[in-house]
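Reading through the structure tokens given below for one structure.
The values are calculated or read from the model by the stated rules, or taken from the named source; none is laboratory data. In this text, all values refer to a predicted model and were calculated from it rather than measured experimentally. Here the Cβ positions follow ideal geometry from the backbone for every residue, glycine too, while neighbour counts run over all protein chains shown. Keep in mind that these areas ignore ligands, DNA and RNA; they rest on the heavy atoms of the full protein, side chains included. Shrake-Rupley method; radii C 1.70, N 1.55, O 1.52, S 1.80 Å.
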Amino acid sequence: IERALRNKDSLLMFLLESNHFDDTERGVSFATNIIKSNTMMKKFYWHGNVISDNDATSGLIDALVRHPNVKNVTLSYALQEVDSYDLVKELFVNGKEFHIIDMEGNDIRTRGDSTISDFLATNPHLRKLVLCSNCLNDADAMLFANALRTNNNLELLDIDDNEEITIAGHEELRAALFDYSAFDVGRTILNAVSDSNQTCRIRGMDSSLGCDYELNHQGGYQANKRAKLYTVFYYGNETGINTQMLRTQLPQDEKTMKLVPMILSSVNEMPAGLEETHTERSPLSIVFEMV
């Protein structure tokens, strides 16, 4: 089989799933050789074939990092019997531009190491990072949250089924996407919303911490930001604090204040997905507060 699969320009994706290799290390060697000999390959998928040899795993990952065209990598439910984190973090430190990295179910423990979050903070081209069903904790969540504040390329971070991430870790992640409290008028809410991450959805975050429409589910940077601004002004409208908020957070000159009705009118164009939670809404306005 290996001979037949070598040097095939048409081999763009190589998938090995639950193969029940008699000798898994030979299976890894087979996969590594195919990766090296097919320079046009773009996707590699290895799932459910548990590897128990560190050297074999290291060789496989090295082949992926050195490959000129592989952009999507899946190594899921494969590395429970090796030093998984020390091996997989090589995917994040060599300047390789991956688009998707899926490391589901590998018992990954960072033990406080920040390699992955440091990588994310550089705003690489990575669009999807799957780390579900591992052993991440609140410290990891905090590192990821900080990294997301300087990242506008990542579209999905999957942390589902990491039981050591508690509500505290989820709150840090939520704040990275939408740093807002309806009762915290004194601080610069508008800047906080603007500085939040506007592109990344987080799968596995505690559902009690925010509605999907607030947490980058609108499909684009501008639409996500508008949904958050709408939420700020919606609750400000309900509680009568929009005037106070605008007075303390916008420049106090005549030109700026003339723009306020236009700002509210623009934000008032309801983003998709808000209808179910804002069925009975009043138009955004500051007239009542001024009266």
Within region 146-174, the residues that are surrounded by 18 or more Cβ atoms within 10 Å (Cβ to Cβ), of a type in the set (A, V, I, L, M, F, W, C) and within 20 Å of LEU91 (Cα to Cα) are ALA147, LEU148, LEU154, LEU157, ILE159
Name the helices (runs of 4 or more DSSP H) wholly within region 200-274 that hold at least 1 residues that are open to solvent by less than 30 Å² (accessible area, probe 1.4 Å) and modelled with pLDDT of 75 or more?
221-239
Leading residue by the ranking (surrounded by the fewest Cβ atoms within 10 Å (Cβ to Cβ)) among those in region 96-144 that are basic (Lys, Arg) and assigned to a loop (DSSP other than H, G, I, E, B):
ARG111
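Taking the condition in contact with a Cys (Cβ under 9 Å, 6 or more places away or on another chain) and of a type outside the set (Ser, Thr, Tyr), does ASP107 pass?
yes
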Restricting to region 84-110, name every residue that is under 18 Å from the mean Cα position of the chain (by Cα) and charged (D, E, K, R).
LYS89, GLU97, ASP102, GLU104
